[in-house]
Amino acid sequence: METIKVPTMAEMIAAGETPEILFWVGCSGSFDDRAKKITKAIVRILDHVKIKFAILGSEEGCTGDPAKRAGNEFLFQMQAMQNITVMNGYSVKKIVTGCPHCFNTIKNEYPALGGNYEVVHHTQLVQELINQGKLKVQGGEFKGKKIVFHDPCYLGRGNNVYEAPREIIEKLDVELAEMKRSKAKGLCCGAGGAQMFKEAEKGTKEVNVERAEEALALNPDVIAVGCPFCNTMMTDGVKHFNKEDKTKVLDIAELIATANDL
Amino acid sequence: MISSVIFAILLIGASGFFFINVKKIRRNILLGRDVSFTDNKGDRLKTMILVAFGQQKMFSRPIPAILHFFLYSAFIITQIELLEIVFDGIAGSHRAFRASLGGFYTFMVSFIEILSVLAFIGTIAFLSRRNLLKVPRLVKSELNGWPKLDANLILIGELTLICFIFMMNGADEVLYSRGLSHATNLGDGSLGLSVSKHVGPLLFGGMSDNSLHIIERVGWWGHILMVFGFLNYLPFSKHLHIVLGFPNTYFSNLKPKGEFTTLDAVTDVVAPNFDPAYVAKTDPNNPVRFGVKDVQDLNWKNLMDAYSCTECGRCTSACPQNITGKALSPRKIMMDTRDRLEEVGKNIDKNKGTFVDDGKSLIGDYIKHEEIWACNTCNACVQECPVNIDPLAIIIEIRRYLVMEESNTRPELNSMFTNIENNGAPWQFSQADRANWTNES
């Protein structure tokens, strides 16, 4: 696959250009091998619709989400103010994130610290592009397949975004299946609240196993997710049941990019 | 005359005792830190009307919602009849409003009777769900002892209350048909009460006039004594939700659930590093603890949440950690908060208005660390609560205390903090390598 040139904000500004949108990649999207594939899928979509975008590259730092959820408000505010200083320096107006945690934090928690931006999650941007006719979507290899969507807590309950990911999936000409616990009643994948970075407390079951079991009961071809952490948890959960050959765990961005050969 | 005096004494006593205990609860709630909810009055009112008055969130589970609605509507509408009962009690009259209200009176009392029958059915169903069907969320370990007894006492009390109503009305119907009721005789042969005009003759038809008068009086006095008892039981019971559900939904968090509060005291320390002209938001001469160690560190809305909780367990049954067998139960967080707050309140009562340190705290003595560190911050508990209680707010505040005041957290979280601090990511990757993926295919 050809390499797409991804400019940094610094490079763009130096070239006298202003990007329409800042792509906030996030830690997982930058470093995790699985999540990097999602990042690249988002880049292919942005490139395909010819949006002028940039990343912060090495000037991007953790939003502070896991620190804040774990109770470390000092560290959170340090991270937030560093990022806000960088973004305000570039006069950033609009941001798309590849992760609901970054999305929630920048959108809801940065304004109180001086960072005011229009922030969208990548599923919201894709839906907007489809609605504007800028992105034509077809089912491709997913046509007729059964897809179940797992709501990320910080997109769904956290910010009431339930429809954007579902509308995109339906555009793929697939069967969209729903778990009993979906939308506002969706069950967490087990990663949120900084659990991703620690051992689970003593219990009888892992949360991701509980959730994967529920999704697999529908016998889907794909478990669609919108969060790199959900992706990790659901992938592990599917492996726990040895179902990785039958059921793939894919981000919505990957579904779109793959189905349309972007 | 004597009965009027006894009634007046009971009425004043019951109201007075209730007032004293409500004042104590108000005092306890106001032990919390200040927080302002003066914004968006229209949205707040709308939330209260939908969620509390309209029971909106109950209906995500239709069967208990309908059963609960029977009890709720019967309770609300019965308050109208209570006005007459109190009037009769003081004036020594009998069905004082009947003659003047005519058909409307018959309609209202009949309507209340139908609601009472529905409430009776609902109560039996609720008792069965708790004690026979053992619905999982209603038999969890945090309900052992007093909470379980409390729930059953309320339900049995409601059944008894309804029985008294039908004793009173049923016997009166039979007496009226014999021309012996103390109600104004309108020459119509029946009081026209929808349920009692059928059930009364069936149950009491063969009894002597004397027995009927006794049954009617036992029903009347039994009913009002139950009402006074119930009123004064409320402040000690989970059943306080029938009152606090309303203000508690008015003071709901209207922001996106994903947004956590910003600690101004922390901003005052961090912001000057970025903006030398920054003006502090908190008073440096009056430093407050970061986060929450004990109930007085919570804000008053958190404490009102605790008193509003009726221990239904919808939060716990939706909690991913509880579902997978962890110690965390959002309901227990709320119950522990109330228990500790009441302990603090009693301490204040005992020590002439000031709290004397008892060496205990909410975290440690009531809530265990493994509960606090299990939370996914997924907001399922907040979403589920029918009266918009926010257990997550308390969990996060306790985490803040443990991390920022005690440095007492899980070791892996400390590693995560160190990584973010040193290289701007929760893992050990260099910030300089953040864009390396752009060079991969």
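Summary of computed values
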| item | result |
| --- | --- |
| Flagged links, alpha-carbon separation over 24 Å, of A:52/A:136; A:134/A:246; A:93/B:46; A:134/A:180; A:94/B:46 | A:134/A:246; A:93/B:46; A:134/A:180; A:94/B:46 |
| Relative contact order of the range B:253-423, defined on C-alpha pairs under 8 angstrom at six or more residues apart (%) | 28 percent |
| Angle in degrees between helix B:241-250 and the longest Cα principal axis of chain B, rounded to the nearest 10 | 50 degrees |
| Estimated dipole of the protein assembly as shown in Debye, rounded to 20 [Cβ of Lys and Arg +1, of Asp and Glu -1, Cα centre] | 1080 debye |
| Interchain or long-range residues, amide H under 5 Å from residue A:99's placed H | A:122 |
| Pairwise centroid distance, computed over Cα atoms, of the range B:385-422 with the range A:152-175, Å | 29 Å |
| For the range A:83-141 and the range B:6-30, distance of Cα centres in Å | 54 Å |
| Simple label model, 7 Å out from Cα along Cβ direction - residue B:107 to residue B:59, nm | 2.5 nm |
| Chain A, relative contact order in percent, only Cα pairs under 8 angstrom and at least six apart counted | 20 percent |
| Acute angle (nearest 10 degrees) that the helix B:103-131 long axis makes with the longest principal axis of chain B, alpha-carbon atoms | 50 degrees |
| Charge dipole (debye, nearest 20) of the range A:9-127; +1 at Cβ of Lys and Arg, -1 at Cβ of Asp and Glu | 340 debye |
| Estimated FRET transfer efficiency when R0 is 51 angstrom, pair residue A:134-residue B:273 (beta carbons, to 0.05) | 0.75 |
| Neighbour-count order for B:178, B:137, B:217, fewest beta carbons within 10 angstrom listed first | B:178, B:217, B:137 |
| Given chain A, longest segment not containing exposed loop GluC sites (Glu not before Pro) (DSSP; at most 10 other Cβ within 10 Å) | A:3-198 |
| Surrounding net charge for residue B:265, when Lys and Arg each add one and Asp and Glu each subtract one, Cβ distance under 13 Å | -3 |
| Burial ordering of B:38, A:258, B:123, A:3, fewest other beta-carbon atoms within 10 Å first | B:38, A:3, A:258, B:123 |
| From phi via Karplus (6.51, -1.76, 1.60), per-residue ³J(HN,Hα) for the range B:39-53 in Hz, x at Gly/Pro | 7, 6, 4, x, 5, 5, 4, 4, 4, 5, 5, 6, 7, 8, 5 |
| Partner lysines for residue B:41 [C-alpha distance under 26 Å; skip if fewer than 8 residues away on the same chain] | A:107, B:23, B:57, B:255, B:257, B:281, B:301 |
| Cleavage-rule hits (chymotrypsin sites (Phe, Trp or Tyr not before Pro)) in the range B:349-425: DSSP loop, at most 15 neighbouring Cβ within 10 angstrom | B:355 |
| ³J(HN,Hα), Karplus 6.51/-1.76/1.60, whole Hz, each residue of the range A:24-37, x for Gly, Pro | 8, 6, x, 5, 4, x, 8, 10, 7, 4, 5, 5, 4, 5 |
| Degrees between helix B:2-29 axis and first principal axis of chain B (Cα, 0 to 90, nearest 10) | 10 degrees |
| For the protein assembly as shown, with +1 on Lys and Arg beta carbons and -1 on Asp and Glu, the positive-most of B:19, B:127, A:218 along the dipole | B:127 |
| Inter-part distance where the range B:151-175 and the range B:307-354 are each reduced to a Cα centre, Å | 33 Å |
| Extension reserve of the residue B:369-residue B:69 stretch, reckoned as 0.36 nm per residue once the Cα distance is removed | 104.2 nm |
| Modelled FRET efficiency - R0 25 Å, residue B:427 with residue A:11, Cβ distances, 0.05 increments | 0.45 |
| Distant-in-sequence amide H partners of residue A:251 (H built 1.01 Å from N, under 5 Å) | A:225 |
| Net dipole in debye of the range B:253-423 [+1 Lys, Arg Cβ; -1 Asp, Glu Cβ; about Cα centre; nearest 20] | 380 debye |
| Simple spin-label estimate for residue A:18 and residue B:26 in nanometres, 7 Å along Cα-Cβ | 5.6 nm |
| Nearby lysines by direct alpha-carbon distance to residue A:198 (threshold 21 angstrom, same-chain neighbours under 8 apart not counted) | A:68, A:239, B:326, B:368 |
| Estimated [θ] at 222 nm from DSSP helical runs (n ≥ 4, -39500 (n - 2.57)) normalised by residues in the protein assembly as shown, nearest 500 | -16000 deg cm²/dmol |
| Relative contact order computed over chain B (Cα-Cα under 8 Å; 6+ residues apart), in percent | 18 percent |
| Potential lengthening between residue B:440 and residue B:280 on full extension [0.36 nm per residue; Cα-Cα distance subtracted] | 53.0 nm |
| Among B:89, B:307, B:181 - extreme Cα towards positive end, dipole of chain B, charges at beta-carbon | B:181 |
| Placed amide H near residue A:177: partners under 5 Å, 5+ positions off or other chain | A:147, A:148, A:149 |
| Selected from B:285, B:391, B:419, residue furthest toward positive end of dipole (the range B:253-423; charges at beta carbon) | B:391 |
| Label-point separation, residue B:236 to residue B:10 (7 Å along Cα→Cβ), nm | 1.9 nm |
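Throughout, read-outs are computed from the coordinates displayed, never taken from laboratory work. Just so it is clear, the structure is predicted and the values come from calculations on it, not from any experiment. Glycine gets a Cβ as well: all are built from the backbone with ideal geometry, and neighbour counts include every protein chain shown.
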